[in-house]
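A short write-up of the structure that comes next.
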């Protein structure tokens, strides 16, 4: 399930482009699914920032998988077979942390590592079939739970949340 790029605004280009609105909070009466996607993306950014500072819950769902493992699995899915440094960049984590997480995921049969065919010093990482299924299932679960939270918010508070969460993620990131 693709996430909304937090550097863009709905129906606009990248934030900061001349002549383009950079208001990350569309009006409350804007397209509901678009607002929900922005909300989910902002909360996931907050979770990633919290993970980098060590403040995460133990796991997500059954079978339990840590949020950091889910972030790395999702990064493997997104980065394709570009290698560990690309996965670390995509996940927003240090390469040694990603390597340790990949070790655990490999032991669980969720990823596989292969030597790069053109460069024996490099490793390619890919999701196994079980890993791909787990990423899909967990992504749906996380989005469902966050969407429920979004719909529990009063309509007048949603715009404030959309404006606050990206700022809060930057603050948390700065604390780490």
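Evaluate the following for residue 135: is it in a strand (DSSP E or B), closer than 29 Å to residue 169 by Cα and modelled with pLDDT under 95?
no
Residues are listed down the side, and each one gets a yes or a no for (1) modelled with pLDDT of 90 or more; (2) assigned to a helix (DSSP H, G or I); (3) touching a helix residue (DSSP H, G or I) at 6+ places or on another chain (Cβ under 7 Å):
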site: 75; (1), (2), (3): yes, yes, yes
site: 106; (1), (2), (3): yes, yes, no
site: 114; (1), (2), (3): no, no, no
site: 169; (1), (2), (3): no, yes, yes
site: 172; (1), (2), (3): no, yes, yes
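Being closer than 30 Å to residue 114 by Cβ and either without any contact (Cβ under 8 Å) to a residue 12 or more places away in the chain or out of contact with any strand residue (DSSP E or B) (no Cβ under 8 Å at 6 or more places or on another chain) (or both) is the filter here, so list the residues in segment 125-171 that pass it.
If the condition is that a residue be closer than 30 Å to residue 114 by Cβ and either without any contact (Cβ under 8 Å) to a residue 12 or more places away in the chain or out of contact with any strand residue (DSSP E or B) (no Cβ under 8 Å at 6 or more places or on another chain) (or both), then 129, 130, 132, 133, 136, 137, 139, 140 are the ones that fit.
So if I check each of 50, 88, which one is more than 17 Å from residue 163 (Cα to Cα), surrounded by 13 or more Cβ atoms within 10 Å (Cβ to Cβ) and modelled with pLDDT of 85 or more? Lay out the reasoning, then the answer.
Values: 50 fails: modelled with pLDDT of 85 or more.
Going through 50, 88 in turn, just one is more than 17 Å from residue 163 (Cα to Cα), surrounded by 13 or more Cβ atoms within 10 Å (Cβ to Cβ) and modelled with pLDDT of 85 or more: 88.
Failed condition for residue 156, given (1) loosely packed, with under 12 Cβ neighbours inside 10 Å; (2) at pLDDT below 90; (3) over 27 Å from residue 37 (Cα atoms), with all others met?
Result: residue 156 fails condition (3) only.
Please go through segment 53-73 and give me each residue that is assigned to a loop (DSSP other than H, G, I, E, B) and modelled with pLDDT of 75 or more, ordered by number.
Listed by number, the list holds a single entry, 66.
Spot the failing condition for residue 141; the list is (1) modelled with pLDDT under 85; (2) within 16 Å of residue 44 (Cα to Cα), and only one is missed.
All conditions pass for residue 141, except number (1).
Would you tally the residues in segment 77-103 being out of contact with any helix residue (DSSP H, G or I) (no Cβ under 7 Å at 6 or more places or on another chain) and either outside any loop (DSSP other than H, G, I, E, B) or touching a residue at least 60 places away in the same chain (Cβ under 8 Å) (or both)?
5
Yes or no: residue 121 more than 22 Å from residue 142 (Cβ to Cβ), outside any helix (DSSP H, G or I) and either in contact with a helix residue (DSSP H, G or I) (Cβ under 8 Å, 6 or more places away or on another chain) or in contact (Cβ under 8 Å) with a residue 60 or more places away in the chain (or both)? Steps first, please.
Values: more than 22 Å from residue 142 (Cβ to Cβ): yes; outside any helix (DSSP H, G or I): yes; either in contact with a helix residue (DSSP H, G or I) (Cβ under 8 Å, 6 or more places away or on another chain) or in contact (Cβ under 8 Å) with a residue 60 or more places away in the chain (or both): no.
In short, no.
The values are calculated or read from the model by the stated rules, or taken from the named source; none is laboratory data. Nothing here was measured: the structure is a model prediction, and the numbers come from that model. Neighbour counts run over all protein chains shown; Cβ positions are idealised from the backbone, glycine included.
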